[in-house]
Amino acid sequence: MGNLQIVRKRFILVLGILAAVNLVLLVYLLWPGSSVASQTATEQDLQQQYRALSREVAPLRGIDQKLLQTRSDIASLYRERIPSHSSQISQEVEKLVHDTGVSSQAIRYVQQVPQKGDLPDVQLIEVETSITGEYAKVARFINALEQDKLFFVINQITLNSQEGGQVTLQIKFETFLKQAAQAGA
């Protein structure tokens, strides 16, 4: 009979432990967010967040290579399209005038004082002139200016007069000059 008492105590103990485990599992199953549907919804939300974040950071992938390429492109732009001497600008404008068959009057060059936020190591040069010639030649001049090896940005074109197939345009454009070079020019 003593053996039966020990078995009975052990049985009650195991039954109590199993009841406690069952109660814990029941609480877990009924706890908000622990159902299969809730877990599936949570998983879908997390996948949606992952896709959204992946789209956000996609432009940043390979940023170190992109930065190196950008630095190389900027160095190339400065080297190939920004002149070192002001005379290069005037020579290029005069060459374009001559090559396109138009005439210009009083080309004016104005060096702008560098402002905070301007491009480093370059100074803005504003150019203003009147171009006279046949309409097609004036159009070629504008096209040649836009496509020139030097960096020209056209700001304003104003038709001043038109007589006998000749047009006169007032044109304002900008270019840049390397600042380090101007001290010696």
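Bear in mind that the values in this text are calculations on the coordinates, not laboratory data. Because the structure is a prediction, the values reported are computed rather than measured.
Data overview
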{"read-out": "The stretch 56-100: translational diffusion in µm²/s, Stokes-Einstein, Kirkwood Rh over Cα pairs, 20 °C, 1.002 mPa s", "value": "161 µm²/s"}
{"read-out": "Residues of type lysines that LYS172 reaches as a straight line, Cα spacing below 30 Å, ignoring anything fewer than 8 places off in the same chain", "value": "LYS95, LYS116, LYS137, LYS149"}
{"read-out": "Estimated Rh, the chain: Kirkwood, alpha-carbon pairs, angstrom", "value": "23.7 Å"}
{"read-out": "Long-range amide H partners of VAL122 with built H, under 5 Å", "value": "GLN179"}
{"read-out": "Degrees separating the helix 2-30 axis from the principal Cα axis of the chain, which is the longest one", "value": "30 degrees"}
{"read-out": "For the chain, calculated [θ]222 nm from helices alone, where every DSSP H run of n ≥ 4 adds -39500 (n - 2.57)", "value": "-18500 deg cm²/dmol"}
{"read-out": "For the stretch 83-182, fraction of C-alpha pairs farther apart than 24 Å, in %", "value": "23 percent"}
{"read-out": "Nonlocal amide H pairs with PHE176, under 5 Å, H built at 1.01 Å", "value": "ILE125, PHE151"}
{"read-out": "Orientation-averaged projected area, Cα convex hull of the stretch 2-60 (nm²)", "value": "6.4 nm²"}
{"read-out": "Derived scalar couplings ³J(HN,Hα) [the stretch 122-139; Karplus, 6.51 cos²θ - 1.76 cosθ + 1.60; whole Hz; x for Gly, Pro]", "value": "9, 10, 6, 10, 8, 10, 9, 7, 10, 10, 10, x, 5, 3, 4, 6, 5, 4"}
{"read-out": "In sequence order, calculated HN-Hα J values of the stretch 98-113 (Karplus, 6.51, -1.76, 1.60; Hz; x Gly/Pro)", "value": "5, 5, 8, x, 9, 10, 10, 10, 6, 6, 10, 10, 10, 7, 8, 6"}
{"read-out": "Karplus 3J(HN,Hα) series, Hz, for the stretch 68-81 with 6.51 cos²θ - 1.76 cosθ + 1.60 (x for Gly, Pro)", "value": "4, 5, 5, 4, 5, 5, 5, 4, 5, 4, 4, 5, 9, 10"}
